[in-house]
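A.B. asks: One structure is given below, represented as structure tokens, and several questions about it will come after.
The values are calculated or read from the model by the stated rules, or taken from the named source; none is laboratory data. Treat the numbers as computed from the prediction; the structure is a model and nothing was measured. Cβ sites come from the backbone with ideal geometry, for glycine too, and all protein chains shown count toward neighbours.
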Amino acid sequence: MLMCQRTNSTSEKFFCEMTTMSSSSSRQFVRPLVQNLHAYVPGEQPKIKGLVKLNTNENPYPPAPQVLKTIRAAVDDRLRLYPNPTAENLRIKLAKLHRCRPENIIVGNGSDEVLALAVRTFVEPSSTTPAKKHRAGKADRSSASKSCVQYFTPSYSLYPVLADTHGALNNPVPLNSDFNLPSVAELKRGKQWNFTAALTFITTPNAPSGRGYATSTLDQLCAAQRGVVILDEAYVDFAAENAMKLALKHPHVLVARTFSKAYSLCFQRVGYFVGHADLIAALHKMRDSYNVNGLGQIAAEATLDQLNYYRANFRKIIATREKLSRDLTRLGFRVFPSQTNFILAQPPLFPAKQWLQKLRDRKILVRWFSAPEVSDYLRITIGTAAEAATLVKATREILRAKA
Ligand SMILES: Cc1ncc(COP(=O)(O)O)c(C=O)c1O
């Protein structure tokens, strides 16, 4: 309130009164559900010179030169015009790639947007009571199902946030201890899984563990589910197999993909769903009129013309992943097998949170999550081979300093 005491002019006084008023009374206008929400926490984006940034699963390689050229060439008079509302040209190209029709595809402002659209399209809000209380209990399972957002833990930490913002019920169900998917029989025995949940998210390959899942296993789970299932394949280009065929086989399955990770386009925010035309048509009704910006559409279209460039990058990232996993294992880390562009590793000697700081002190940023099922681990994005070597060198130094 120091600012208030020094205020002299009328306008400053008004500002001061507004500030005081906003902290005491403006909160009343916010819905109780929103007041109690915990927002999604994105990874840090610090601007530290020389930082080795391995915390947000970005691609270490730039977009293809031709993609950059196409984006630059598009920055002209057309910026005053609205973009195509359904990203039509991009959907036509994606349909060719996935051997389906443009009606099977909806594009979003990143895959985060289409994931959020799915919650709003397929899940009934439960009520407007505070988000904290929203968890699908075992009792009254059938009436809760239409409001139930279901997912495995650990997986993408956005899912509970999407459920909470919608006033839906959460049904988080633990993966097996090695982060593998429980079988349908195990899920039935466990009685926690809801086979009639309105919406089920499966991150495949899993994040943050990196574990890949066989399409046949996913198929069995999809077949057993009565509600909509989203297979979130954000990292699938780094995996041995993908489950795209399930989106075209089952009428209740959507596959989510993104240009962010494998295609070096986080900045442009382009992601999409593939699935049955009826589900896609319903999702279109719920999106903003111009939800994908024009430069994003152009960038993604140009990307699809350069797939060989990107496939070469996948191979480099996979080779670095395998070498880094071996190197860290030799240094005493427990590294889970990964089918993604990151690894989950349990470090030796110190708790993972201390490793986070020790690496940060050496200008290397990795990710640590406080959730109990992963708090013993570091999630390390696969950068260039040189960045991986820097990480291994720093790790050796940290271990040597302790000895
Ligand atoms: C599993 C998973 N799905 C989806 C996304 C969202 O990607 P985007 O919104 O950049 O397309 C992420 C991003 O980290 C992710 O980890």
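A.B. asks: Tally time: how many residues in the stretch 199-240 are under 21 Å from Glu186 (Cβ atoms) and away from the ligand (no atom under 16 Å from the Cβ)?
C.D. replies: 13
A.B. asks: Could you go through the stretch 45-63 and let me know if any residue there is assigned to a helix (DSSP H, G or I), touching a strand residue (DSSP E or B) at 6+ places or on another chain (Cβ under 9 Å), surrounded by 13 or more Cβ atoms within 10 Å (Cβ to Cβ) and of a type in the set (A, V, I, L, M, F, W, C). Talk me through it step by step, then tell me what you get.
C.D. replies: Going through the stretch 45-63, the residues assigned to a helix (DSSP H, G or I) turn out to be none.
Among the residues of the stretch 45-63, not one is assigned to a helix (DSSP H, G or I), touching a strand residue (DSSP E or B) at 6+ places or on another chain (Cβ under 9 Å), surrounded by 13 or more Cβ atoms within 10 Å (Cβ to Cβ) and of a type in the set (A, V, I, L, M, F, W, C), which makes the answer no.
A.B. asks: Counting only residues that are part of a loop (DSSP other than H, G, I, E, B) and hydroxyl-bearing (Ser, Thr, Tyr), how many does the stretch 68-121 have?
C.D. replies: Qualifying residue count for the region: 2.
A.B. asks: Would you confirm, using the coordinates I've provided, whether Phe179 is under 30 Å from Ala144 (Cα atoms) and within 16 Å of the ligand (Cβ to nearest atom)?
C.D. replies: On the way: under 30 Å from Ala144 (Cα atoms): yes; within 16 Å of the ligand (Cβ to nearest atom): yes.
In short, yes.
A.B. asks: How many residues, within the stretch 256-304, are within 11 Å of the ligand (Cβ to nearest atom) and of a type in the set (Val, Ile, Thr)?
C.D. replies: Residues flagged as within 11 Å of the ligand (Cβ to nearest atom) and of a type in the set (Val, Ile, Thr) within the stretch 256-304 amount to 2.
A.B. asks: Scan the stretch 115-125 and tell me whether some residue there is in the same structural domain as Ser147 (by TED's automatic domain parsing), in contact with a helix residue (DSSP H, G or I) (Cβ under 9 Å, 6 or more places away or on another chain) and under 14 Å from Ala300 (Cα atoms).
C.D. replies: no
A.B. asks: Let me ask another. If I filter the stretch 88-102 for residues that are modelled with pLDDT under 95 and out of contact with any strand residue (DSSP E or B) (no Cβ under 6 Å at 6 or more places or on another chain), do I get at least one hit? Explain how you work it out, then say what you get.
C.D. replies: Just the residues of the stretch 88-102 that are modelled with pLDDT under 95, to begin with: none.
The answer is no; no qualifying residue exists.
A.B. asks: While we're looking at this one, here's another question. Take Leu218 and tell me if it is modelled with pLDDT of 95 or more and surrounded by fewer than 24 Cβ atoms within 10 Å (Cβ to Cβ).
C.D. replies: Values: modelled with pLDDT of 95 or more: yes; surrounded by fewer than 24 Cβ atoms within 10 Å (Cβ to Cβ): yes.
Yes; evaluated as a whole, the condition is true for this residue.
A.B. asks: May I pose another question? All but one of (1) surrounded by 15 or more Cβ atoms within 10 Å (Cβ to Cβ); (2) under 25 Å from the mean Cα position of the chain (by Cα); (3) among the charged types (D, E, K, R) hold for Asp327, so report the exception by its number.
C.D. replies: Going through (1) surrounded by 15 or more Cβ atoms within 10 Å (Cβ to Cβ); (2) under 25 Å from the mean Cα position of the chain (by Cα); (3) among the charged types (D, E, K, R) one by one, Asp327 breaks only (2).
A.B. asks: While we're here: Residue check: is Leu218 touching a residue at least 40 places away in the same chain (Cβ under 8 Å), assigned by TED's automatic domain parsing to the domain that holds Lys93 and not in a loop (DSSP other than H, G, I, E, B)?
C.D. replies: Details: touching a residue at least 40 places away in the same chain (Cβ under 8 Å): no; assigned by TED's automatic domain parsing to the domain that holds Lys93: yes; not in a loop (DSSP other than H, G, I, E, B): yes.
For Leu218, the condition - touching a residue at least 40 places away in the same chain (Cβ under 8 Å), assigned by TED's automatic domain parsing to the domain that holds Lys93 and not in a loop (DSSP other than H, G, I, E, B) - is not met.
A.B. asks: To continue, here is another question. Going by the structure shown, is Arg311 within 22 Å of the chain's Cα centre (by Cα), surrounded by fewer than 20 Cβ atoms within 10 Å (Cβ to Cβ) and charged (D, E, K, R)?
C.D. replies: Details: within 22 Å of the chain's Cα centre (by Cα): yes; surrounded by fewer than 20 Cβ atoms within 10 Å (Cβ to Cβ): yes; charged (D, E, K, R): yes.
Here the answer is yes, as Arg311 does meet what is asked.
A.B. asks: Return the pair list, or none, for Cβ contacts closer than 6 Å from residues in the stretch 158-169 that are of a type outside the set (Phe, Trp, Tyr) to residues that are within 13 Å of the ligand (Cβ to nearest atom) and modelled with pLDDT under 95, at least 6 apart or on different chains.
C.D. replies: Pairs found: Leu158/Tyr40; Val161/Tyr40.
A.B. asks: For Asp288, indicate whether it is in a helix (DSSP H, G or I) and modelled with pLDDT of 95 or more. Break it down into steps so the answer makes sense when it comes.
C.D. replies: Details: in a helix (DSSP H, G or I): no; modelled with pLDDT of 95 or more: yes.
When the stated conditions are applied, Asp288 does not pass them.
A.B. asks: Can I ask one more? If you check Thr320 against the conditions, is it at pLDDT 95 or above, part of a helix (DSSP H, G or I), hydroxyl-bearing (Ser, Thr, Tyr) and in contact with a strand residue (DSSP E or B) (Cβ under 7 Å, 6 or more places away or on another chain)? Steps first, answer last, please.
C.D. replies: Numbers: at pLDDT 95 or above: yes; part of a helix (DSSP H, G or I): yes; hydroxyl-bearing (Ser, Thr, Tyr): yes; in contact with a strand residue (DSSP E or B) (Cβ under 7 Å, 6 or more places away or on another chain): no.
Considered against the rule, which asks whether it is at pLDDT 95 or above, part of a helix (DSSP H, G or I), hydroxyl-bearing (Ser, Thr, Tyr) and in contact with a strand residue (DSSP E or B) (Cβ under 7 Å, 6 or more places away or on another chain), Thr320 comes out as no.
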